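Worksheet: the structure to be examined is printed underneath.
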Amino acid sequence: MTIPLPIRFAALTASLMLPAALLSGCNASPNTQPSAVPPPSAAPELEATQPATSTDSPKETVNELPQELSLMVTGDVLLHPQLLDEAATAAGKTGGHGKDFDFKPLLAGLKPYVQDADAAICNLETPIGTPPYSGYPMFTVPSQIVSDLADIGYDGCTTATNHTVDAGTKGVMRTLETLAKHEMFSTGSYESEKDSKQPPIMDIKGVKLGVIATTYSLNGMSADTDWRVDTGVNPAKLIDRAKSARQGGADIVVAAVHEGAEYTNRPTEAQRKLGRALASSGEFDFIYMHHTHSVLPIEKYKGTWIVYGLGNSVAKHATPTILNREGISVKATFTRDGESWDVSKLQWVPHQLSKAPVTWCQVATSQTCVTEGDANASLERTLKTVDIYDAVEHGLEEWTLP
C-alpha cells in the first residue's frame, strides 16, 4: 500500500530524528533546539526599493517594527529553450494577453508558497535579452519571466551568477531595468558605480533586510568594470560587505552565494568552509547558496542556518538527471528581540519539475503534479540529502501551507 505523502513526510522526519534523540537523551545543547516563536504579526506590506541611500531611520522607533518577518528564498530561475517553447505555446493558448510568452503555468505551483511569506527572493540566473533568445552556454531570455515572477508575488531577485554577463553590459542593464520596471528589488549587478556602493537593502514595512550577493565567477568572461557584478567568494570580503550593510541601516543581513560543484548532493570542502566562516562571523543572520542545479544539505552552525544548495527553481537541462529536476524552497522566519533579529523557524518544501510540459510540483503532499511514486521517491531522496548534517534534529521543519 502506498503511504499518503503528508504521513510519509512526517514518518521520514521522525525516523531521521529518532537515532539522534536516543543518543542525545536529555543533554541536548540549547543551540540545537528550535526557539519559541511568538504569535505572528500581520504580514507587512513590502516596499521594493533600490538599495538604501540613507541611514536616517531612528533606532527609537524599533518598537514600531513587526515582531516577525518571514523570507522565502528559491534557487536558480534558469530558462532553457524548452521552457521558452512551452511558454510561447501557453501564451498562444491563453491569447497571450499581448505577450509572446506566458510562464505562469510553469510557476503556478510556487505561487501559494511565495504568498505565504512576507518577502520572496529568487535567483535570476540569466540576463534579459532580445529576440532571438539563446540557451547554453550564452543565455538570453525574454522579459516576461520577470513580470510573471512579480505577478505571483516575488519581491526581488539576486543577479550575481556565472551567466550575468552572457549578453554583455547591455544584458546587465536590460535585466536591471526590467526588474526596476516591475518594482522588484535587485542586487548582485549594478547600473552605476554609485549603485554598487550603496548598501543592498530591502525595506519591508520598516524592517531593513540586507542581501549580500556574489558569484564565484563569470564563466571566464569579464564585466566592463570591476564594480558591475559582485564576484568572489572570499569570506573576509563578504563579511566586510555585511558590516557595511549593518552600518547602512540593515536590521537583518543574509548572504546569497552562487557557488558549488554542479550536479552533486554534497557541498565542496571550500563551500562548507565558506558557509561556516560566514556563520562564525556573527555578521550574517542566514546564509543560502545556489548554482549547483541540485539540492545540497542544510546545516545549523554556531546558531546560524546555512542552506548549501537550493537546487533549480525552474529549469530544463538538455541532459536531465533526477538531481537537476529537484529543488527546495526555504522560508526563514526572523523574530525580533529588542534591536536584534534571529531565525526562530526554518521551513522547507521539496519539489520536482515535471517533464512535459515542465511545471513546478511540490512533493510534500498528495496534491502534486507528478506521479505519487515519483513524488514519494523524490521526497525521500531530498530529505536524506537535506538532513546529512542533522538539520531536522536542530529544528528544520516542513513547510505546510495554512
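Tabulated data for the structure shown
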| quantity | calculated |
| --- | --- |
| Fewest-first ranking of L124, L401, L278, using other Cβ atoms within 10 Å as the exposure measure | L401, L278, L124 |
| Phi to ³J(HN,Hα) by Karplus 6.51 cos²θ - 1.76 cosθ + 1.60 over segment 291-299, Hz, x for Gly, Pro | 3, 6, 6, 7, 7, 10, x, 10, 9 |
| Cβ-based net charge around V233, under 11 Å, with every Lys or Arg adding one and every Asp or Glu removing one | 0 |
| Gain on full stretching of the segment that runs from Y136 to S366 - 0.36 nm per residue minus C-alpha separation | 79.4 nm |
| Computed lengthening from A270 to L401, 0.36 nm per intervening residue step minus Cα-Cα distance | 43.6 nm |
| Tensor-based shape of segment 218-315 (alpha-carbon gyration tensor, a/c under 1.5 rounded, otherwise prolate or oblate) | oblate |
| Alpha-carbon Rg/Rh ratio, for segment 327-402, with Rh computed the Kirkwood way | 1.07 |
| Where only alpha carbons of segment 149-261 are counted, the Rg and the Dmax (Å) | 13.6, 40 |
| Compactness of segment 245-284, expressed as Rg and Dmax over alpha-carbon positions, Å | 12.7, 38 |
| Span per principal axis, largest first, for the Cα atoms of segment 268-402 (Å) | 48, 37, 22 |
| Surface/4 estimate of mean projected area, convex hull on alpha-carbon atoms of segment 179-219, nm² | 3.9 |
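Computed from the coordinates by the stated procedures, all read-outs in this text should not be read as laboratory data. Just so it is clear, the structure is predicted and the values come from calculations on it, not from any experiment. Cβ atoms come from the backbone with ideal geometry, glycine included; neighbour counts cover every protein chain shown.
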